[in-house]
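The structure appears below as structure tokens.
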Amino acid sequence: MQPNAKPKAVVIYSGGMDSYTVLHLAIKQGYEVYALSFNYGQRHSKELDVAVAVCADLGVSHKLVDITAINQLLQGSSLTSTDIDIPTGEYEEDNMKSTVVPNRNMILLSLAIGYAVSLGTTQVFYGAHSGDHDIYPDCRPEFVDAMNVVSAIANYDDVQINSPFLQQSKFAILQAGLDMGLDYGQTWTCYLGLDKACGECGSCVERLAAFAAAGITDPVGYA
């Protein structure tokens, strides 16, 4: 690294409010950010349009990687299978289990770690939070810890997964972003991916609850 050069970091950036906050946190911490988004055939691919726009506005390096070919292997989730309804209501395990995409985060983190190695950096930022723990096994602390161990074994360089909100709530993520002056109108959360957010899917319900707890109105338009 050149003298006074910023350290590099890969940020897995979906276009949602969690990764949007992590993206800005990495920038605030002084990293030269390399944002990485994946099209894996998710029904709410509108989030990727948001990610492209935000990175262009920030002037950060951004790769949108098409891995839709793996969609045929990741069926059985309402996020990748059009014959399964997106669940509405509370963001809880029994209701949201159908949104689990098999092995998704292991796949995405593996690709991000490979990208970090190619860039010569040791940091991959990832936006999991405590509200995901009950629903998504690949957002739990033990998964992140295990991936860090595997990453160190699999590469000559010890690339670390940095999950700054792993033990914090959606509200804490929102509050951190508000403290940084972020505009959450530049994010997309709804699992339906229509012109406006539905306000009814579990992801929308969790988001709206965070804004209600903060005592402010969500700037995203709802149907």
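Each reported figure results from applying straightforward, stated rules to the coordinates on display, with no laboratory input. What you see is a predicted model, and the numbers here were worked out from it, not measured in a lab. Positions of Cβ are backbone-derived with ideal geometry, glycine not excepted, and every protein chain shown enters the neighbour counts.
Points worth noting:
- Highest mean first, the peptides 162-174, 140-152 sorted by other C-beta atoms within 10 Å per residue fall in the order 162-174, 140-152.
- Cβ-defined net charge surrounding E32, 13 Å radius [Lys, Arg +1; Asp, Glu -1]: +3
- Only DSSP H runs of four or more residues enter the estimate; each adds -39500 (n - 2.57), and after division by the residues of the chain the mean residue ellipticity at 222 nm equals -11500 deg cm²/dmol.
- Nearest-ten-degree value, helix 104-119 long axis tilted from longest Cα axis of the chain: 30 degrees
- Extension gain (nm, one decimal) between Q167 and A152, 0.36 nm per residue minus Cα-Cα: 3.2 nm
- Local electrostatic count at K196 - Lys and Arg +1, Asp and Glu -1, tallied over other residues with Cβ under 12 Å: -2
- This model, with +1 at the C-beta of Lys and Arg and -1 at the C-beta of Asp and Glu, gives the chain a dipole about its Cα centre of some 580 debye.
- Amide H contacts of E32: K8, A9, each under 5 Å away and 5 or more positions distant or on a separate chain (H built 1.01 Å from N in the peptide plane; Pro and chain starts excluded).
- Rounded to whole Hz, the Karplus (6.51, -1.76, 1.60) HN-Hα couplings of region 201-208, x for glycine and proline: 5, x, 5, 5, 4, 5, 4, 4
- Spatially proximal lysines relative to K170 (Cα-Cα < 25 Å; intrachain offsets below 8 disregarded): K28, K46, K97, K196
- Note that region 39-56 has calculated 3J(HN,Hα) couplings of 9, 9, x, 5, 5, 9, 5, 4, 4, 6, 4, 5, 4, 4, 5, 5, 5, 5 Hz, one per residue in order, obtained from phi through the Karplus relation 6.51 cos²θ - 1.76 cosθ + 1.60 (θ = phi - 60°); glycine and proline are x.
- Neighbour counts of other Cβ atoms within 10 Å put L58, L25 in the fewest-to-most order L58, L25.
- Where labels lie 7 Å past Cα in the beta-carbon direction, separation of I67 and K28 in nm: 2.8 nm
- Cut-off under 5 Å, modelled amide H: who pairs with G15 long-range: Y20
- Across region 213-223, computed HN-Hα scalar couplings (Karplus, 6.51 cos²θ - 1.76 cosθ + 1.60, θ = phi - 60°) run 5, 7, x, 10, 8, 5, x, 6, x, 10, 5 Hz from first to last residue, x flagging Gly and Pro.
- When the square roots of the Cα gyration tensor eigenvalues are ordered a ≥ b ≥ c, the ratio a/c for region 8-214 is under 1.5, which makes its shape rounded.
- Around Q123: net Lys/Arg minus Asp/Glu count, Cβ-Cβ under 15 Å: 0
- Extension gain, A214 back to K196 (0.36 nm per residue minus Cα-Cα distance, nm): 4.3 nm
- Length released on extending from D85 to Q175, taking residue separation times 0.36 nm less the Cα-Cα span: 29.3 nm
- Under 5 Å, built H, 5+ apart or other chain: amide partners of F38: V65
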